[in-house]
Amino acid sequence: MRGGASAVNERSLDPERRRKWPYVPGLAEAGVLHSPGLAQISVQATASAIRKPTSVVSEVFQVSVGWRCYCGCDNMIKQFLGRLPKKPSKSGDKDPIGRPSPSVSHQPLGPRAGDRATNLSSHPPVISSSGLSYGSGMHVGNAYTKAHVNGDSAASAFRSLPSFKDVPNTEKQNLFNEKLNLCCAQFDFTDPTKNIKEKEIKRQTLVELVDYIASASGKFSEASMQEITKMVSANLFRTLSTPPRDNKVDGFDVDEEEPVMDPAWPHLQIVYELFLRFIQSQETDAKLAKRYIDHSFVLRLLDLFDSEDPREREYLKMILHRVYGKFMVHRPYIRKAINNIFYQFIYETEKHNGIAELLEILGSIINGFALPLKEEHKLFLVRALIPLHKPKCIAMYHQQLSYCITQFVEKDCKLADTVIRGLLKYWPITNSSKEVLFLGELEEILEATQPAEFQKCMVPLFRQIARCLNSSHFQVAERALFLWNNDHIESLIKQNSRVILPIIFPALERNASGHWNQAVQSLTLNVRKLFSDNDPGLFTESLRKYEEEKAREKEVKSKQEATWRRLEEMASAKATSGAAVLVSRPLSRQSSAV
């Protein structure tokens, strides 16, 4: 089509000049003015010429060569020839990774590798049956023109890039960005027979990128940071699929099912390793990186903790810990986001795969809290950590939870009373295995408890311990008796034995005389001996009161039995007459109360 600038240029020439410099199809569109002294190239018109058929471009080339001899404009001709496209190859006019030459008229032709990567950065590529796609309106290879090559179209479009050692140092940064862009391609790993070659190319490229980041000797540019986060987002941030699980009782798997492993893990692992090394690298400027590792990025990272694959959760744990340490500006947000995950888990779903890993991160964070503790941190203990004892599936994360709770008590001993009363609030009644866990955690907390705080909560605490001592589940009774094996706890009990012994003495006596488990009986006798040796007078007094109480109970029981016998006799004597049965002597108040 002739028009625009070329038409104006032709009309602007007088007949004599038009005879010397005839209009050449394609050359005018290329922006070559018909004047030897003012010849120049318009970028927009040159791009239009490149879209012409090959024959037109060849004609332009031939005319321009002859014209060069006439006008002697060497520099202009060299620039013009350098901007003309080379002869297209069989696979189409594409760059080394199979992308078509840019057709945007406002961009300079012949962009550098880094520019090519930047132009495509807004649309992560996706492998599909139609080829390698970079978002709407741009496809790699022949997919855009609907001219498919023989075989898989993706295979013709997805090609390996040169190695870092094969390019000069000045081009390594551009190659790094382009390799990152290449690795945004996503494949279907549920079918191991699809895109085998492309998957291997991507894997090798990812390994190269990991090595490059590990050996980086200069600060990462902002463009590289953007490409890294884009590639990580394209590969990691996805909807987690949860397979149906059967045979679940009270939040536990009856058959101890194996965790579900992600078939894409061979590639995901390298992406995680790349991002981990990027965060750890001394060449990563946190002030620049926080523009791309922002709140939205962190939140999507936290969402991945619900993954079924424990390998993925392990990498996420390490990465989030490094992010928390490197980006101080994100620390309050990370703690708040973790709180929200806990709230949803406690009060809504009671299902999340990553609670243990999140608590492990928090254990390290709590360990670094400055003293005195902020009110925000104390509220986190009361509102999030203590209520985590409520879910039935506590066994999945109890070890990490216990560590976090103990860290708080060790940092501020005044929190011991709050923590112990919180444990008593959520103490299980019918779940014996959960009760054993609580007793183990209680021992760790008491070991960090000071005498003043112990005295505030010892009465309700040892009422619960007394109930545990009399549990018919031998592991519960045994674990409660093991508390006396701890020297610090034994010392606290001895200092307050006048309050504690009367509370637990009946439970000790019942165990010693009537518990079905021999080991529990033996441990109970050992505890009795400790009290007897520590304060014989108190032990004797407690024994006397216990015997008196037993005698009263026996007397009350005998009176109740006598009353029932009288009622039965009177009822049988007047059964035939149909008269009401009257009791000659009312039951005593004590009997009625019992």
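Any residue that is out of contact with any strand residue (DSSP E or B) (no Cβ under 9 Å at 6 or more places or on another chain), of a type in the set (D, E, K, R), over 18 Å from His488 (Cα atoms) and touching a residue at least 40 places away in the same chain (Cβ under 8 Å) - is there at least one of those in region 436-459? Checked region 436-459: no residue is out of contact with any strand residue (DSSP E or B) (no Cβ under 9 Å at 6 or more places or on another chain), of a type in the set (D, E, K, R), over 18 Å from His488 (Cα atoms) and touching a residue at least 40 places away in the same chain (Cβ under 8 Å). Residues in region 460-476 that are more than 18 Å from Arg421 (Cα to Cα) and either among the β-branched types (Val, Ile, Thr) or part of a helix (DSSP H, G or I) (or both): Leu469, Phe474, Gln475, Val476.
Looking at region 296-310, is at least one residue touching a helix residue (DSSP H, G or I) at 6+ places or on another chain (Cβ under 6 Å) and closer than 24 Å to Gly218 by Cβ? The answer is no, given that none of the residues of region 296-310 is touching a helix residue (DSSP H, G or I) at 6+ places or on another chain (Cβ under 6 Å) and closer than 24 Å to Gly218 by Cβ.
Residues that are aliphatic (A, V, I, L, M) and buried (at least 17 other Cβ atoms within 10 Å of the Cβ) within region 282-317 comprise Ala289, Ile293, Val298, Leu301, Leu302, Leu304, Leu316, listed in sequence order. Selection within region 374-384: residues that are in contact (Cβ under 8 Å) with a residue 40 or more places away in the chain and crowded, with 17+ Cβ neighbours inside 10 Å. The member of this set that is nearest to Tyr324 (Cα to Cα) is Phe380. Within region 349-367, restricting attention to residues that are of a type in the set (A, V, I, L, M, F, W, C) and touching a Phe, Trp or Tyr at 6+ places or on another chain (Cβ under 8 Å), the residue that is farthest from Glu410 (Cα to Cα) is Ile355.
Being in contact (Cβ under 8 Å) with a residue 40 or more places away in the chain and either within 22 Å of Gln450 (Cα to Cα) or in a helix (DSSP H, G or I) (or both) holds for only one residue in Arg528, Arg479, and it is Arg479. When region 532-563 is limited to residues that are among the hydrophobic types (A, V, I, L, M, F, W, C) and out of contact with any Lys or Arg (no Cβ under 7 Å at 6 or more places or on another chain), the one that is farthest from Trp484 (Cα to Cα) turns out to be Ala562. Selection of region 482-507 for residues being more than 40 Å from the chain's Cα centre (by Cα) and outside any helix (DSSP H, G or I) yields only Asn496. Looking at this structure, is Arg498 more than 24 Å from Asn431 (Cα to Cα) and of a type in the set (Lys, Arg)? Here the answer is yes, as Arg498 does meet what is asked. Of the listed requirements (1) closer than 26 Å to Leu299 by Cα; (2) out of contact with any strand residue (DSSP E or B) (no Cβ under 7 Å at 6 or more places or on another chain); (3) among the hydrophobic types (A, V, I, L, M, F, W, C), Ala185 misses just one: (2).
When you look at His321, is it farther than 27 Å from Leu240 by Cα and in a helix (DSSP H, G or I), yes or no? The answer is no for His321. Would you check if there is a residue in region 461-468 being buried (at least 20 other Cβ atoms within 10 Å of the Cβ) and modelled with pLDDT under 95? For region 461-468, residues buried (at least 20 other Cβ atoms within 10 Å of the Cβ) and modelled with pLDDT under 95: absent. Could you list, in sequence order, the residues of region 284-310 that are in contact with a Pro (Cβ under 9 Å, 6 or more places away or on another chain) and part of a helix (DSSP H, G or I)? The one that is in contact with a Pro (Cβ under 9 Å, 6 or more places away or on another chain) and part of a helix (DSSP H, G or I): Pro310. For region 247-255, does any single residue satisfy the condition of being among the aliphatic types (A, V, I, L, M), within 25 Å of His352 (Cβ to Cβ), at pLDDT below 95 and surrounded by fewer than 17 Cβ atoms within 10 Å (Cβ to Cβ)? The answer is yes, given that some residue of region 247-255 is among the aliphatic types (A, V, I, L, M), within 25 Å of His352 (Cβ to Cβ), at pLDDT below 95 and surrounded by fewer than 17 Cβ atoms within 10 Å (Cβ to Cβ).
The values are calculated or read from the model by the stated rules, or taken from the named source; none is laboratory data. Computed from a predicted structure; not experimentally measured. Backbone-built Cβ (ideal geometry, glycine too); neighbour counts: all protein chains shown.
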